[in-house]
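S.K.: Before I ask anything, let me first share the structure, which is written out below as structure tokens.
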Amino acid sequence: MNNSISPKISIEEVKAKATRKKLGDFAYGLIFAKSAGRCQFCNKLLYEHHLTTEDCNLAELAHIVAFKAAGPRGDETKSVFLDGKECNFLLLCHDCHRLIDHEGKYEYTEEQLITLKRTKEDEIRKVTEAVASTKTNCIVYTAKIGDYMPSISDQDVRKAVIDDHMYPVSHEPINLKSTDLGIGDNEDAFWSVEANRLCNLFSKKVYNGNEGTREIQNYSVFALAPQPLLVKLGSLLENKTTIHIFQRHREPKETWSWPESDYQDNLLIVEPNMMAIGVPVLVFAISAKAIVTCVKNQLKNITDNIWIVEASLPNYNWCANKAQQQHFRNISRRVLDAIRLRNPGEEIHVYMAMPNSLAVEFGRVWMPKADAPLLLYDIDRITKQYNKVLKIEN
């Protein structure tokens, strides 16, 4: 007879020593497929090494509710019931897995992670179900503005397009971005070099782009550059295709997605006196009113044939929605027609202070066969004088 006394083991100790259930191949494949092989937290690609691009499996399965009650977000009942079930797993990279289970185990709740899983899976499904009518070629153009070289991230582009109920044709946008030419926009060479570079690159990548680009005649444009160059870009875009010009919004936070906004502010056309003499001048005062005074002072002994398109409340956030953008297009077409009737065939001298998307739209509104050439001006930040920098003509 064995007189040794067996140690007493509590139910809690048995649960603590429980082993996790093995996740079947079907469930694992389902998780991987629903996430498109990306970390459901940070979106990192998990089937390709970021440096060597070799195929590999970097994915880790993370419990939403731990398989032990004592684990992160663990529960006496749920841990046993949910262990081994597909609905209780996230596909994560190593760093994000550690974050939610260690440093952030109290910050990231079960409810938050369930919502994250559902949101990411819904996004993947929407993207993969996209049909040709909702696909768009994304174009990104940036050029140096003074000493500032703007940038537009691929992530911001993709988010803005998807938020607008479209889906990018390609993972990477059509890149028309400029590099630092080593000269400033106060030098004549900057404008001729950059305009030629833009035209050549546009012809190569857009007009003669890959088969996917030519097949989908729908374009979404993201552009930040000196306004004369934005007008040049707009003049290159064909009206026969579907074009969406996106606006960078600064408030309440910087984004390229169209905000939920019903902001409305009308544009006014101020026409010169019928007896005005001199070359026709067109001034846009939409993001700032001071440009009107500056131009009038600079041209006071040259011309008084000045046409003004001004906002009732000029500000940088004037183009807060697509309705404002369309209103601008209508007013721009109207003022160009009026100038043509009063000054047939004469070149129009253009000065601009307006949001980035409107400068591109103005280039699109201008019709090469019907409208006179545009002479575009930009302010010299040293002399504070406006100089003629580009000419848009047929």
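Derivation of every value follows stated rules applied to the coordinates shown; laboratory data play no part. Please read these numbers as outputs of a predicted model, since none were measured by experiment. No Cβ is skipped: glycine too gets one built from the backbone with ideal geometry, and neighbour counts run over all protein chains shown.
S.K.: So for the pair Lys105, Glu271, with labels modelled 7 Å out along Cα→Cβ, what separation do we get in nm?
M.R.: Each label point is offset 7 Å from its Cα along the Cβ direction, giving 7.6 nm.
S.K.: Which value, to two decimals, describes the C-alpha radius of gyration of the range 17-76 once divided by 2.2 N^0.38 Å?
M.R.: Details: Rg = 14.1 Å, N = 60, 2.2 N^0.38 = 10.4 Å.
Relative to the 2.2 N^0.38 Å estimate, the range 17-76 comes out at 1.35.
S.K.: Express in whole angstrom the spacing between the alpha-carbon centres of the range 262-320 and the range 323-394.
M.R.: The two parts, judged by their Cα centres, are 11 Å apart.
S.K.: Under 5 Å between amide H atoms, partner at least 5 residues away or on a different chain: which partners does Lys135 have, H built in plane at 1.01 Å?
M.R.: Long-range HN contacts for Lys135: Tyr167.
S.K.: Going toward the positive end of the dipole of the range 208-332, with +1 on Lys and Arg Cβ and -1 on Asp and Glu Cβ, which of Ala276, Tyr316, Pro252 do you reach last?
M.R.: Final value for the positive-end residue is Ala276.
S.K.: If I take R0 = 41 Å and measure r between the Cβ atoms of His165 and Asp55 in this structure, what FRET efficiency does the formula 1/(1 + (r/R0)^6) give, to the nearest 0.05?
M.R.: 0.80
S.K.: If the viscosity is 1.002 mPa s and the temperature 20 °C, what Stokes-Einstein diffusion coefficient in µm²/s follows for the range 55-122 when Rh is the Kirkwood radius over Cα pairs?
M.R.: 175
S.K.: Right, something else. Regarding the range 214-327, what's the average projected area of the Cα-atom convex hull, expressed in nm²?
M.R.: In nm², the orientation-averaged hull projection of the range 214-327 is 9.2.
S.K.: Between Ser153 and Ile114, how many nm apart are label points set 7 Å from Cα along the C-beta direction?
M.R.: 3.0
S.K.: How high is the relative contact order of the chain, in percent, with contacts defined as C-alpha pairs under 8 Å that are six or more residues apart?
M.R.: Relative contact order of the chain: 12 percent.
S.K.: Using only Cα atoms, what is the ratio of the radius of gyration of the range 305-358 to 2.2 N^0.38 Å?
M.R.: 1.24
S.K.: Still on this structure, please answer the following. Using 1/(1 + (r/R0)^6) with R0 = 51 angstrom and r between the beta carbons of Leu341 and Thr128, what's the FRET efficiency to the nearest 0.05?
M.R.: On the way: r = 52 Å, r/R0 = 1.02.
Here the calculated transfer efficiency is 0.45.
S.K.: Same structure again: Using only DSSP helix segments of four residues or longer, with each worth -39500 (n - 2.57), what per-residue ellipticity at 222 nm results for the chain after dividing by its residue count and rounding to 500?
M.R.: Calculated at 222 nm, the ellipticity per residue is -9500 deg cm²/dmol.
S.K.: Would you work out the charge dipole size for the chain about its Cα centre, treating the Cβ of every Lys and Arg as +1 and the Cβ of every Asp and Glu as -1, and quote it to the nearest 20 debye?
M.R.: It comes to approximately 340 debye.
S.K.: Straight-line reach from Lys253: which lysines fall under 17 Å, measuring Cα to Cα and dropping same-chain residues less than 8 apart?
M.R.: Leaving aside lysines fewer than 8 places away in the same chain, those within reach of Lys253 are Lys159.
S.K.: Can you list the lysines whose alpha carbon is less than 25 Å from that of Lys204, not counting same-chain residues fewer than 8 positions off?
M.R.: Lys135, Lys144, Lys177, Lys232, Lys240, Lys369, Lys391
S.K.: I would also like to ask the following. For the chain, what proportion of DSSP beta bridges, expressed in % and rounded to the nearest 5, is antiparallel?
M.R.: Just about 40 percent of them are antiparallel.
S.K.: Cα-Cα pairs above 16 Å in the range 266-307: how many percent?
M.R.: 34
S.K.: Tally Lys/Arg at +1 and Asp/Glu at -1 over every other residue whose Cβ is under 13 Å from the Cβ of Leu268; what's the total?
M.R.: Local charge sum for Leu268: -1.
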